[in-house]
Amino acid sequence: MSAVQRSMTWSNSIADATNPVGIVGAGLMGRGIAQAVAAAGRQVVLYARNADRASDANQRIRTSVERQVSRGRMSKDQCGRILDLIATRPFTADELSRCGLVIESVPEDRSIKADVLGQIERAVSSSTVVATNTSGLAVSGLAAPLRRPERFLGLHFFSPAERMPLVEVVQGKKTSEAALRDGLAFVKAIGKVPIVVRDGPSFFATRVFAAYLDEAVCMLREGVEGERIDTAAIAVGRAIGPLATLDETGIALNLQQARQARADGQQARFCRPLAEPVLKVLVESGRCGRGRGGGFYDWPARGERTLWAGLRSLYPRADSQPDGRAVELRLLAAEAREAMRCLEEGTISSADDADTASVLGLGFPRSLGGIASWVEAFGINEFVELCDRLAASHGERFAPGPWLHGLARDGAGLSKYRKTESES
């Protein structure tokens with residue numbers, strides 16, 4: 001861990017609790033971030049597009065918090081304090097000047113974000129830190145039109161933001177060390193766990209999770225039964241399978257992310273080529289995800305979800321089906337291979353951060369210790385051999401390169417990528 005990560009001294013503008021935290025965008029993520037900040041005792045101003053959306057956001061937050069009370073997750077007093085600390089109102093740039101930190105949380109569309117970020121920057125003081133909650137758009141690209149890119153960074157919260165503990169803190173090319181310190185200190189102050197990631201396509205968590213989800217979709221295309229795929233993921237400790245997860249996160253959203261990556265001129269490997277054709281077919285069939293009527297699954301108001309019957313006609317079942325363990329290993333290897341690429345390329349600085357991000361942000365089975373720990377437990381040599389076999393059967397994406405072969409040869413595993421006691 002760097003000296004920047006160890007030093008959590010924040011600037012006066014953010015540390016001053018009389019300065020509210022501004023959140024621009026009152027959708028699912030914006031509302032969740034607002035709840036997380038208010039739960040830590042900080043005043044929040046949540047800005048929506050107009051008065052109707054502000055009123056709707058306020059009611060949705062109230063419903064969400066009261067649901068936590070009914071489930072015994074918080075007291076009525078805590079509920080009241082959270083609601084008292086959140087003000088929802090139509091977006092106006094005038095009030096942003098009071099905020100020490102402003103988080104943009106509008107849809108994952110570069111042009112929309114650029115417009116909103118420009119309005120924010122023109123309204124805030126020169127000391128205000130401006131952050132984007134993007135899950136994959138390059139922070140440096142979003143910073144390019146800004147006048148003060150040194151005060152801009154990424155704070156990637158995970159959904160549901162009020163409960164998920166991980167936040168990726170993304171340092172753009174021009175993000176200052178002071179702004180990075182502020183971001184880290186803020187994340188810790190609201191009770192979240194930060195990891196610093198290097199700016200780049202999809203950062204760490206989204207990139208690794210996409211590899212896992214997309215491998216599942218690829219198997220479906222090949223004729224592997226959907227039930228077999230999701231059952232295999234649950235067997236190793238996932239709460240739900242990858243196809244159900246895609247429904248939960250939104251088929252249309254995942255497709256939009258793939259298209260945005262292509263529009264940004266990213267390398268083909270970051271444009272989700274395995275999954276995009278299937279996602280496109282589902283969206284065109286009106287299957288946009290759980291929140292919009294169903295996706296891979298039908299989601300009844302009551303009772304168990306069932307795979308959509310139309311999948312069988314789109315992707316017929318192959319006569320020969322892999323056994324459960326083969327599916328488990330293929331899903332694990334897809335995710336782990338991408339995590340190892342991120343470690344090799346410096347997207348994350350340590351195997352410890354890979355473990356933290358995978359467990360706290362991606363739902364990787366805690367019993368396996370994290371994605372890097374799973375590779376170590378499986379054995380580096382055995383992992384390389386597994387990747388070689390999968391590359392021969394399913395494609396070059398699994399192929400272990402010189403770096404991974406080198407790890408296998410030197411016998412030290414990932415020890416050099418583990419934090420020392422002084423860095424922890």
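Some points to look at:
- Search result, residues across segment 346-403 that are in contact (Cβ under 8 Å) with a residue 60 or more places away in the chain, surrounded by fewer than 18 Cβ atoms within 10 Å (Cβ to Cβ) and out of contact with any helix residue (DSSP H, G or I) (no Cβ under 8 Å at 6 or more places or on another chain): 346, 367
- Among the residues listed as 179, 232, the single one being of a type in the set (A, V, I, L, M), buried (at least 21 other Cβ atoms within 10 Å of the Cβ) and closer than 28 Å to residue 109 by Cα: 179
- Identity of the residue in segment 196-207, touching a Phe, Trp or Tyr at 6+ places or on another chain (Cβ under 9 Å) and either without any contact (Cβ under 8 Å) to a residue 12 or more places away in the chain or assigned to a helix (DSSP H, G or I) (or both), that ends up farthest from residue 364 (Cα to Cα): 207
- Candidates are the residues of segment 98-114 that are surrounded by fewer than 24 Cβ atoms within 10 Å (Cβ to Cβ) and more than 19 Å from residue 125 (Cα to Cα); the one that is nearest to the chain's Cα centre (by Cα) is 108.
- The condition of being more than 29 Å from residue 20 (Cα to Cα) and either in contact with an Asp or Glu (Cβ under 8 Å, 6 or more places away or on another chain) or buried (at least 19 other Cβ atoms within 10 Å of the Cβ) (or both) holds for only one of 162, 168, 225, that being 225.
- Residue check for residue 245: assigned to a loop (DSSP other than H, G, I, E, B) and modelled with pLDDT of 95 or more: no
- For residue 258: the one exception among (1) surrounded by 17 or more Cβ atoms within 10 Å (Cβ to Cβ); (2) in contact (Cβ under 8 Å) with a residue 40 or more places away in the chain; (3) of a type in the set (Gly, Ala, Ser): (2)
- Selection count, segment 27-75, where residues are of a type in the set (Ser, Thr, Tyr), assigned to a helix (DSSP H, G or I) and touching a residue at least 12 places away in the same chain (Cβ under 8 Å): 2
- Of the helices (runs of 4 or more DSSP H) entirely within segment 265-357, those holding at least 1 residues that are of a type in the set (Val, Ile, Thr) occupy 276-284, 324-345.
The values are calculated or read from the model by the stated rules, or taken from the named source; none is laboratory data. These numbers were taken from a predicted model, which means no experiment stands behind them. Quick reminder, even Gly has a Cβ in these numbers, built from the backbone with ideal geometry, and neighbours come from all protein chains shown.
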